[in-house]
Amino acid sequence: EEVVWATGGGNILVRDGAITADANVSGREPRTLLGVREDGSFLVLECDGRQSAVSSGLTLPEAAQMMLDQDCIQVINLDGGGSTTYVAKQPGAEELSVINRPSDGFARSVSTSLLIVSTAPSSTAFDHAVVEGEYDYATINTPVQMTAAGISPAGNAVDIPEGATWAVSNEDWASITEDGVFTGKRLGEVYVYLMLDGQTIGSKLMTLTNPDQVYFEKNKVDAIYGSSVTLPLRARVGGKPIAINPGDVTFTLSAPKAGAMDGFNFVAVESGLKTLTITAAIS
């Protein structure tokens, strides 16, 4: 039989629909996997790891089972670890970019790569819109700006047709302005839609929830008497960034006479104090 394409790699995790003995490796690592389905289609799976706050990786048995669950009957484990790097051209983008979070903290130089190249002809016709927000998670009453980019059938950037409007799946749960500022009203999941002539041309799922962690990106900031400084406060839920508002946080000053909080900003007063500790906690 003539070989159409072939690839080499490390462990064979699945052969003819069954997990192999080579998959019996329990260590969690970043993984890059290639699977083939019975109909000849294939699936590439990239999983980050070695970053406890973000991703822990997969064992080979977990990876094999995950690919089986996606109907792959042949699966090979490619080079992982710091070599696991996913580079792609995002819809509407003109340049390639690193999509995942490599465990080295940067894209490692590698000698071989698996390339998937589209042969679709270029097009300037509008096909759909990609809706994005700075966050996927937000607390109630926290505004999140939404943006939309027009995409052609070939993935090229095109203009969104005039007349497109914003909407949400449940106006009792959230609202959105004409300029795309989304604000949640109650906990749950809400879709943001971009509409055109009564049809949905783009969507994004927003989850309204509460943070389980708040933290400062810096341990020290400088403040000038009589001036305001924005505190580098961030929040997470399940390890994911979440948009919050000042009402979600309680601030405690070790010396209240040193100043006051104005939202996420600290306003210092002429107190003679040289240092101050500000503690943030989830309200």
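The values are calculated or read from the model by the stated rules, or taken from the named source; none is laboratory data. Predicted model, so just to flag it, every value in this text is computed and none were measured. Here the Cβ is made from the backbone with ideal geometry for all residues, glycine too, and neighbour counts use every protein chain on show. When the accessible area is computed, the model is the full protein with side chains, heavy atoms only, and any ligands, DNA or RNA have been set aside. Shrake-Rupley method; radii C 1.70, N 1.55, O 1.52, S 1.80 Å.
Assorted remarks:
- Simple label model, 7 Å out from Cα along Cβ direction - ALA21 to ALA93, nm: 4.3
- Leading residue at positive end of dipole, the chain (Cβ point charges), from LEU43, GLY259, ASN210: GLY259
- Anisotropy class assigned to segment 49-106 is oblate, per the alpha carbon gyration tensor with a/c at or over the 1.5 cut-off and a/b no larger than b/c.
- Rounded D (µm²/s) - segment 183-231, Kirkwood Rh over Cα pairs, Stokes-Einstein at 10 °C, 1.306 mPa s: 105
- Projected onto their three principal axes, the Cα atoms of the chain cover extents of 83, 51, 33 Å, largest first.
- Rounded to the nearest Hz, the phi-derived 3J(HN,Hα) couplings of segment 201-211 under the Karplus curve 6.51 cos²θ - 1.76 cosθ + 1.60 (θ = phi - 60°) are 10, x, 8, 8, 8, 10, 10, 9, 8, 10, x, where x marks glycine and proline.
- Segment 101-189: mean projected area of Cα convex hull, nm²: 9.3
- The chain - charge dipole about Cα centre, Lys and Arg +1 at Cβ, Asp and Glu -1, debye rounded to 20: 1340
- Protein accessible area in the chain, 1.4 Å probe - carbon and sulfur %: 48
- Charge dipole (Cα centre; +1 on Lys/Arg Cβ, -1 on Asp/Glu Cβ; no other charges) of segment 187-283 amounts to roughly 320 debye.
- For the chain, accessible area per residue (1.4 Å probe, heavy atoms of protein chains only), Å²: 60
- Under the Karplus curve 6.51 cos²θ - 1.76 cosθ + 1.60, θ = phi - 60°, whole-Hz ³J(HN,Hα) for segment 100-107, x wherever Gly or Pro sits: 8, 10, x, 5, 6, x, 7, 6
- Helix 60-69 axis versus longest C-alpha principal axis of the chain: approximately 80°, rounded to the nearest ten.
- Virtual paramagnetic centre 7 Å along Cα→Cβ of TRP5, amide N under 19 Å, in segment 51-86: 71-79, 85-86
- Options ALA154, ALA174, THR200, ranked by Cα towards positive dipole end of segment 125-219, top entry (Cβ charges): ALA174
- The charge dipole of segment 97-200, taken about its Cα centre with unit charges on the Cβ atoms of Lys, Arg (+1), Asp and Glu (-1) only, comes to about 480 debye.
- Counting only residues at least eight positions apart within a chain, or on another chain, the lysines with an alpha carbon under 21 Å from that of LYS89 are LYS204.
- Across the alpha-carbon atoms of segment 1-113, the computed radius of gyration and Dmax are 14.6, 48 angstrom.
- Sorting 235-245, 7-17, 106-116, 262-272 by average packing, meaning the other beta carbons within 10 Å per residue, from highest down gives 235-245, 7-17, 262-272, 106-116.
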